[in-house]
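Novice: Have a look at this one.
The values are calculated or read from the model by the stated rules, or taken from the named source; none is laboratory data. Computed from a prediction, not measured in an experiment: that's the story for all the values here. All Cβ positions, glycine included, derive from the backbone under ideal geometry; neighbour counts span all protein chains shown. The accessibility values were calculated without ligands, DNA or RNA, using every heavy atom of the protein model including side chains. Shrake-Rupley method; radii C 1.70, N 1.55, O 1.52, S 1.80 Å.
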Amino acid sequence: MKQAVILAAGLGSRLAPYAPMPKPLVPVGGRALLLWALQAAEYAGCQEAIIVLGYRAQEVQQAVAAQYGGPLRLRYAYNPDFRKQNGLSVLAARSYLHGAFLLLMSDHVVEPEAVERFRYREPVQRGVLLLVDSRLEQIVDPADATKVRVHNGKILAIGKELTDYNAVDTGIFLATLELVEALAAVERRYGDVSLTAGVQELALRGHAEAEELGEFFWQDVDTAETYAVAERWARQRRAQRYSER
């Protein structure tokens, strides 16, 4: 797997009252949210990251160019419909894709070691693989979480309104072009599409799998409360690494 797609187009309206900059640039542990996603892509063994921009796109792109000095080749796609659902951002990247890819959210802080497993395995051959978290008691904002019902490694259902679920979506996907095709099919029917709807479409075909994240940290940064959780973890991580030197 050589490519990563990072969704960074949205308005980030829930966090906007607390941060003057575009959401992908909000610093967590002294590093912009988007740079955490880029580091995760590095750990997964990707060589190229396609960043999908929308809201305040030029500002985000300029900041990334100034702040990122890693090995990934960066490419940018633009989603003009960034006020709609996030599946359209995946579709905005499709012309750059040539096989299986890592799909990440720019507003999720993910412990980079969580995706290092993908560096050493074959890419998925069809559909999508989603890392899920079954530690439900640790979810900071369960009302906003995307719930997942998993059985024997298969996703049976996914959505924020699920009442029968045993895991939540971490926003970390290994995807194939079948996901892009599924999203395009839903978009043709309804004129809009969420990433969740595309995964549900694949689940109906039996082509959506789930794998436990394990004990690694992740946090969807949407509110002041979830930001505080991510910031506290990032500071602890930095302090631990400093003490190990």
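Novice: How do 217, 173 stack up against each other in accessible area, from largest to smallest, with a 1.4 angstrom probe? Please list the in-between numbers first.
Specialist: Working: 217 40, 173 5 Å².
Ranked list, largest accessible area first: 217, 173.
Novice: Same structure again: From the square roots a ≥ b ≥ c of the eigenvalues of the alpha-carbon gyration tensor of the range 137-245, which class results: rounded (a/c under 1.5), prolate (a/b over b/c), or oblate? Intermediate results must be reported in sequence, preceding the final value.
Specialist: Details: a/c = 2.07, a/b = 2.00, b/c = 1.03.
Since a/c reaches 1.5 and a/b is larger than b/c, the shape of the range 137-245 is classed as prolate.
Novice: Karplus couplings for the range 159-175 from phi (6.51 cos²θ - 1.76 cosθ + 1.60, θ = phi - 60°), rounded to Hz, Gly and Pro as x?
Specialist: 3J(HN,Hα) across the range 159-175, in whole Hz: x, 5, 8, 4, 9, 10, 8, 9, 6, 10, 6, 8, x, 10, 10, 9, 10.
Novice: For the chain, just say rounded, prolate or oblate: build the C-alpha gyration tensor, square-root its eigenvalues into a ≥ b ≥ c, call rounded for a/c under 1.5, and beyond that prolate if a/b exceeds b/c, oblate if not.
Specialist: Because its axes are fairly even, with a/c under 1.5, the chain counts as rounded.
Novice: Please report the net charge: other residues with Cβ closer than 14 Å to the Cβ of residue 119, K and R +1, D and E -1. Don't skip to the answer; put the middle values down first.
Specialist: Details: positive: 2, 117, 121; negative: 42, 113, 116, 122.
Net of charged neighbours comes to -1.
Novice: How large is the dipole of the chain about the Cα centre if only Lys and Arg carry +1 and Asp and Glu carry -1, each at its Cβ, rounded to the nearest 20 debye? Spell out each step's value before the answer.
Specialist: Values: 28 positive and 30 negative charges, 121 e Å.
With only Lys, Arg, Asp and Glu charged at Cβ, the dipole is about 580 debye.
Novice: List the GluC sites (Glu not before Pro) within the range 118-181 that fall in a DSSP loop (any state other than H, G, I, E or B) and whose Cβ has at most 13 other Cβ atoms within 10 Å. Don't skip to the answer; put the middle values down first.
Specialist: Values: sites: 137, 161, 178, 181; in loops: 161.
The qualifying sites are 161.
Novice: Which residue, 82, 150, 140, has the largest displacement toward the positive end of the dipole of the chain when charges sit on each Cβ (Lys, Arg +1; Asp, Glu -1)?
Specialist: Looking along the dipole axis, the top candidate is 82.
Novice: Considering the options 217, 112, 53, tell which one lies farthest towards the positive end of the dipole of the chain, charges being +1 on Lys and Arg and -1 on Asp and Glu at the Cβ, about the Cα centre.
Specialist: 53
Novice: How would you classify the range 8-108 from its alpha-carbon gyration tensor, with a ≥ b ≥ c the square roots of the eigenvalues: rounded for a/c under 1.5, else prolate if a/b is greater than b/c, otherwise oblate? Walk me through the intermediate numbers first.
Specialist: On the way: a/c = 1.76, a/b = 1.14, b/c = 1.54.
Cα axes put the range 8-108 in the oblate bin.
Novice: While we're here: 5 Å is the cut-off here: which amide hydrogens, built 1.01 Å from N in the peptide plane, fall below it relative to residue 146, excluding neighbours closer than 5 in sequence?
Specialist: 169
Novice: Would you please give the FRET efficiency between residue 78 and residue 31, computed as 1/(1 + (r/R0)^6) with r the Cβ-Cβ distance and R0 = 30 Å, to the nearest 0.05? Working shown, then result.
Specialist: Details: r = 24 Å, r/R0 = 0.80.
The formula returns an efficiency of 0.80 here.
Novice: Further question: Given the -39500 (n - 2.57) contribution per DSSP H run of 4+ residues, what per-residue ellipticity at 222 nm results for the chain, rounded to the nearest 500 deg cm²/dmol?
Specialist: Working: 6 runs with 73 residues, N = 245.
So the calculated ellipticity at 222 nm is -9500 deg cm²/dmol.
Novice: Continuing with the same structure: Using a 1.4 angstrom probe on the protein heavy atoms only, line up 146, 170, 163 by accessible area, largest first.
Specialist: Values: 146 25, 170 0, 163 130 Å².
Largest to smallest exposure gives the sequence 163, 146, 170.
Novice: Along each of the three principal axes of the Cα atoms of the range 47-158, give the extent in whole Å, ordering the values from largest to smallest.
Specialist: Reported extents, whole Å, longest axis first: 42, 34, 25.
Novice: For the pair residue 236 and residue 121, how long in nm is the line joining their label points, each one 7 Å along Cα→Cβ?
Specialist: 2.6
Novice: Moving to a separate point now. For residue 22, what charge total do you get from the other residues with a beta carbon under 9 Å from its beta carbon, if Lys and Arg give +1 and Asp and Glu give -1? Don't skip to the answer; put the middle values down first.
Specialist: Working: positive: 23, 56; negative: 59.
Neighbour charge sum, excluding residue 22 itself: +1.
Novice: Continuing with this model, one more query. Taking the chain, how many lysine pairs are there with alpha carbons less than 21 Å apart, if each pair must be eight or more places apart or span two chains? Before the final figure, lay out the partial values.
Specialist: Numbers: 23/84; 84/147; 84/160; 147/160.
Count of close lysine pairs: 4.
Novice: Based on DSSP, what percent of beta bridges with both residues in the chain are antiparallel, to the nearest 5?
Specialist: Values: 22 of 44 bridges.
Restricted to the chain, the bridges split so that about 50 percent are antiparallel.
Novice: Could you please put 149, 237 in sequence from largest to smallest accessible area, using a 1.4 Å probe? Each step should come with its number before you reach the end.
Specialist: Numbers: 149 70, 237 35 Å².
Heavy-atom accessible area, descending, gives 149, 237.
Novice: How big is the gap, in Å, between the Cα center of the range 201-215 and the Cα center of the range 78-147?
Specialist: 12
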